[in-house]
Amino acid sequence: MGSMTRWLDVEVGTDDIDLITLPSNIALVDLQNDNEYKLLVGDLGRGEESPKLKIFKGTMQVSDLVLPDLPLGVVGFYISETVPRSIPIVAVAYSTCVYMYRNLKLFYKFYLPSTELGMCEMEVWKQLIDPQNHNPDSIKPLTDSLKILPHNNLTIKSQNFLTLTPEQQVEYLENNPELPSQKNSEIVCISTLKMSSIDKYSISCVVVATEDGDVILLDSQTFTQLTQGKICGVKKTPYQMITTGLYNVDYRITIATREKSVCVLKRGWSEGRILFNTDDHIIAIEVVTADNSVMVISADNTIACYSKKGKKQWCLTLEHRPVAMTLVPVLHLGVTLAAVALASGHVQLYDGKAKRDTVFVRDVVSVMKFGQLGQEEHVLIIITGSGNLMLKILKRTADFSAHAAGVDLSPSVTPGQRPWLIPKKSKLFLEQSMRERENAVLMHETFQHELNRLRLLAAKTLLEAHVKSDNSVGAGPMESMRLTAEVEGLGPVFRVTLIIENTSKEKAVLGLSILFHVHTVNYKVSNPYIKVPLLSPGGKLKFPTKIEEVFDDNISPDVLFRPVTGQGGERALVKVLLLKEGRQTPVLAATVQMPPTDPMMLPFEKMQAIAGVETRDDGWPPKT
């Protein structure tokens, strides 16, 4: 099924529509309570045009409202659950305040709480308003004192004063000889949060994030502050905010910041925490309601998904730079897609990390929104960079399954394979679950005990390997070296062949040598130190040498039969060390278990001595 069969394009007249807006300035609201959802767009205006709130009914603009300042966010919510339902409130955020509109008429103004002026800034302004200092020479050091202070902590008056030339600063002080009394916080994003019910007509509260990193929740009925919290302990500037959950039950506020991080603030927290950091700047985020996972598109042309605890689950590289993202919940199919708009004009829809559909738009997308518009429940609203408005209605017969989207199944999954038959919970399963709950502490202690035993065994094995230096495979820069040994013969003289191999295909090895470490009372090596010549890439060299087993007069006969008796121990071990010039520790080490000498290969006198039998002068044993 192609992408053209899933969507119906709606023609929108573009002669009078010229929109310049932000992703936060678009909302779908049932203004008249007639189940006819309107599209509200906070238009920034072109040139000298004043900002306006434009209302669209379907594809037609039905009215507009002149705004006093540039809008930073538009949301709609209900403040009452009375029957018949009350008209929803439209909240528009400006720099330091939020205007509430009912029936498109101003209903209430809420101003953010202001903070007192800093002591350092106050002292500087006391000197600036002094008429004796109204000259460029006196103003310059005071201006430098203002520049030292953090720019975000300064009042608007101080920030504007620093942008003026020295002559303009003198004129400004003569015309404005009063002190800046308070510092107003700047709003950067706005959203709503359901109070007690997830019903679309239930009461919501307004959530506002400021540039100082504060998150303020407002009561929608009294327009007073419910609670306030910080984004995190470190100074972060919010960029985008998404709320999930219920205020009276449990909620999460996920906030993307300009410092390449995503923070989360939960119910009861006075200060949030950083959920995760990204490698590049964040373009947009979305939160999947089902599992609170966070979808992020970044400026490094990637889309990633993080769990609600901040662990990255997957990441995909996109063909072009992403510019916008919105969730596409299709409830009758039980799927929630993520629509990502690219700079190439394509809009790709993902189900997890699987691409299900691609829609081509003849312009670069600026803002996207999915939801109910008019009587249609599934409408994708697109505002392009040139100001055009496009509507795409999802067909009711649309299918986003893997087969319909043309996605190849995994090689491990056979087409037509039957799903696993998961049995129902039996009585035995329920009893076992009950026993596990009752003995949870004992099971945990047993598990920890066995885990500690495993760790102890691993530590002992590692220590034993370290003491023996038994590493026949190189590590680090010498990881391409291999050392093996072969033992031939029946004894007491054995032929030991050492094989050194360079598995690297690019680098040669120089400056190696071989050293035998043996017990001198047990073995004698004919050539204990061997110089290794240049070992070419992929080369292999063999070094044969002779090792003779030495017997004294008091040796036990069990040594000759040590494979059976287990005698011999350390005396049967020969350690081979591979040395490198300039290194204090061996490059490689191998321990060779020497076989016992065949008793038939020993001289007759030696065998008689080991057996404890006295011999006559002629060499024959005495008569018994």
Q. How many residues are within 17 Å of S158 (Cβ to Cβ) and within 53 Å of the chain's Cα centre (by Cα) if we restrict to segment 122-137?
A. 8
(Q) So, H466, is that one surrounded by 10 or more Cβ atoms within 10 Å (Cβ to Cβ), assigned to a helix (DSSP H, G or I) and either among the β-branched types (V, I, T) or at pLDDT below 75 (or both) or not? (A) yes
Q) Tell me, which residue of segment 254-276 that is buried (at least 22 other Cβ atoms within 10 Å of the Cβ) and small (G, A, S) is farthest from A290 (Cα to Cα)? A) G272
Q) Can you find a residue in segment 63-85 that is assigned to a helix (DSSP H, G or I) and under 37 Å from the mean Cα position of the chain (by Cα)? A) no
Q: Take the residues in segment 46-56 that are surrounded by fewer than 16 Cβ atoms within 10 Å (Cβ to Cβ) and touching a residue at least 12 places away in the same chain (Cβ under 8 Å), then tell me which one is farthest from the chain's Cα centre (by Cα).
A: S50
Q: Would you check which residues across segment 222-253 are touching a residue at least 60 places away in the same chain (Cβ under 8 Å) and buried (at least 19 other Cβ atoms within 10 Å of the Cβ) and list them?
A: Q240, I253
(Q) So, in segment 260-292, exactly how many residues are under 15 Å from the mean Cα position of the chain (by Cα) and more than 30 Å from D199 (Cβ to Cβ)? (A) 11
Q: State whether one or more residues within segment 180-195 are over 42 Å from the mean Cα position of the chain (by Cα) and assigned to a loop (DSSP other than H, G, I, E, B).
A: yes
Q.
Can you confirm whether Y529 is surrounded by 19 or more Cβ atoms within 10 Å (Cβ to Cβ) and either under 17 Å from A589 (Cβ atoms) or among the hydroxyl-bearing types (S, T, Y) (or both)?
A. no
Q. Of all the residues that make up segment 178-202, how many are more than 21 Å from T254 (Cα to Cα) and surrounded by 12 or more Cβ atoms within 10 Å (Cβ to Cβ)?
A. 6
Q. Restricting to segment 277-291, what's the tally of residues that are surrounded by 17 or more Cβ atoms within 10 Å (Cβ to Cβ) and over 17 Å from H320 (Cβ atoms)?
A. 6
Q) So which strands (runs of 3 or more DSSP E) are wholly in segment 89-128 and hold at least 1 residues that are surrounded by fewer than 16 Cβ atoms within 10 Å (Cβ to Cβ)? A) 97-102, 105-111
Q. Out of all the residues in segment 425-435, is one or more in a helix (DSSP H, G or I), at pLDDT 85 or above, of a type in the set (A, V, I, L, M, F, W, C) and out of contact with any strand residue (DSSP E or B) (no Cβ under 6 Å at 6 or more places or on another chain)?
A. yes
Q) Among R321, R362, R356, which is the only one that is closer than 13 Å to L394 by Cβ and among the basic types (K, R)? A) R356
**Q.** When residues of segment 371-395 are limited to those that are in a loop (DSSP other than H, G, I, E, B) and without any contact (Cβ under 8 Å) to a residue 40 or more places away in the chain, the one farthest from M325 (Cα to Cα)
**A.** S386
Q: Would you tally the residues in segment 225-248 being closer than 22 Å to I203 by Cα and in a loop (DSSP other than H, G, I, E, B)?
A: 2
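The values are calculated or read from the model by the stated rules, or taken from the named source; none is laboratory data. Keep in mind it's a predicted model, so treat the numbers as computed, not measured. Note that each Cβ is placed from the backbone with ideal geometry, even for glycine, and that neighbours are counted across all protein chains shown.
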